[in-house]
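Okay, structure first, notes after.
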């Protein structure tokens with residue numbers, strides 16, 4: 001653990017209380033100058049650290065700092081966690097680490113992404129200090145190529161449960177990978193698998209989650225202002241650490257259970273699209289349909305205008321405001 005990480009751990013343990021520079025230096029076996037340098041670095045990385053002469057340092061009582069130490073203190077299982085101020089894309093970084101042999105349970109979290117990725121080649125808006133951008137590495141045994149949709153569904157349920165646990169909110173799932181709250185998108189999930197050339201089965205899967213925890217300063221950009229929302233409208237002390245840990249705890253329990261029935265009813269209950277008229281988007285084609293239900297493999301069951309039915313494993317849907325069916 002680096003000096004700044006040790007210092008942040010001490011300040012988090014005394015959240016809201018002042019700790020003298022002398023006490024910090026003694027606890028870390030450092031000089032006062034080294035403590036000051038570490039404080040300066042943490043502030044540059046966005047940590048709200050207050051300082052008062054003759055009293056010392058403290059994390060602002062209203063601060064919500066995302067850190068590896070902060071996440072770990074809420075975890076039920078072991079994860080190898082790295083938290084960075086900013087990365088290109090947590091999914092891209094973790095895929096590179098997976099290719100180098102990173103073990104299952106490796107987690108990359110960032111306070112910001114410069115090239116966050118969504119489905120269908122879209123970007124995922126990832127401003128600094130207002131969200132959680134997290135990717136988790138899985139190496140499923142006896143993996144099935146169809147497992148990606150199940151893992152995405154499990155991640156959606158786990159994230160909804162985590163949000164509910166830390167905030168009391170009741171989010172819904174827009175098939176297959178978006179989380180909505182009060183009619184606005186607050187999270188997106190992107191699962192990516194690497195397949196063996198000979199086996200044709202996934203060698204590893206990266207599950208990526210992006211969450212709008214707070215509304216960015218100045219609001220969302222014009223193209224998102226009518227679509228995007230956030231979990232909280234004001235800082236919640238330790239909120240991001242608790243949310244990240246709750247997600248990891250709950251997803252890991254569902255993943256290791258190895259049985260979609262452990263979350264399927266919750267997935268169905270939270271569905272935003274079942275029972276509604278939708279547009280199915282596949283490539284450049286858009287086809288009107290009615291969402292009938294979700295099957296035991298987490299596929300969306302639809303009925304098209306001509307009466308034909310289908311079970312969708314992937315794709316995108318848009319809820320229609322004007323019905324096609326009487």
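FYI, it's all coordinate maths here, none of it is from the lab. Bear in mind that the values here come from a model prediction, so they are computed numbers and not experimental data. All Cβ positions, even for glycine, are placed from backbone atoms using ideal geometry, and neighbour counts span all protein chains on display.
Assorted remarks:
- In the chain, the calculated helix contribution to ellipticity at 222 nm averages -9000 deg cm²/dmol per residue, counting -39,500 (n - 2.57) for every DSSP H run with n ≥ 4.
- Fraction of the pair-distance distribution of segment 199-286 above 21 Å, Cα-Cα pairs, percent: 60
- Inter-probe distance in nm under a simple model that places probes 7 Å from Cα toward Cβ, at residue 262 and residue 305: 4.3
- Alpha carbon centroid spacing (whole Å) that separates segment 1-37 from segment 79-142: 29
- In the chain, the longest principal axis of the Cα atoms and the axis of helix 90-99 are about 90 degrees apart.
- Take the Cβ atoms of residue 74 and residue 141, set R0 to 30 Å, and the FRET efficiency comes out at 0.65.
- Ordered from longest to shortest, the equivalent ellipsoid semi-axes for segment 79-121 are 18, 13, 8 Å, each the square root of 5 times a Cα gyration tensor eigenvalue.
- Two-site FRET efficiency, residue 282 against residue 122, from Cβ-Cβ distance with R₀ of 22 Å, rounded to 0.05: 0.90
- Cα-based helix-to-principal-axis angle, 32-44 vs the chain, degrees rounded to 10: 30
- A simple spin-label model places the labels of residue 165 and residue 233 2.7 nm from each other, with each point 7 Å out along Cα-to-Cβ.
- Potential lengthening between residue 194 and residue 53 on full extension [0.36 nm per residue; Cα-Cα distance subtracted]: 45.3 nm
- Proxy reagent accessibility, fewest Cβ within 10 Å first, across 256, 152, 82, 321: 321, 256, 82, 152
- Under the criterion of Cα pairs below 8 Å and six or more residues apart, the relative contact order for the chain equals 15 percent.
- At full extension, residue 17 and residue 3 could sit 3.0 nm farther apart than now, given 0.36 nm per residue minus the alpha carbon distance.
- In range of the label at residue 86: residues from segment 1-27 whose backbone nitrogen is under 11 Å from the point 7 Å along Cα→Cβ: none
- Ranked for footprinting exposure by Cβ neighbours inside 10 Å, fewest first, 7, 254 give 254, 7.
- Proxy reagent accessibility, fewest Cβ within 10 Å first, across 97, 163: 97, 163
- Length available on full extension from residue 223 to residue 31: 0.36 nm per residue minus the Cα-Cα distance, which gives 64.2 nm.
- Listed candidates (1) 16.8; (2) 26.8; (3) 18.6 - label of the one calculated as mean projected area of the Cα convex hull in nm²: (3)
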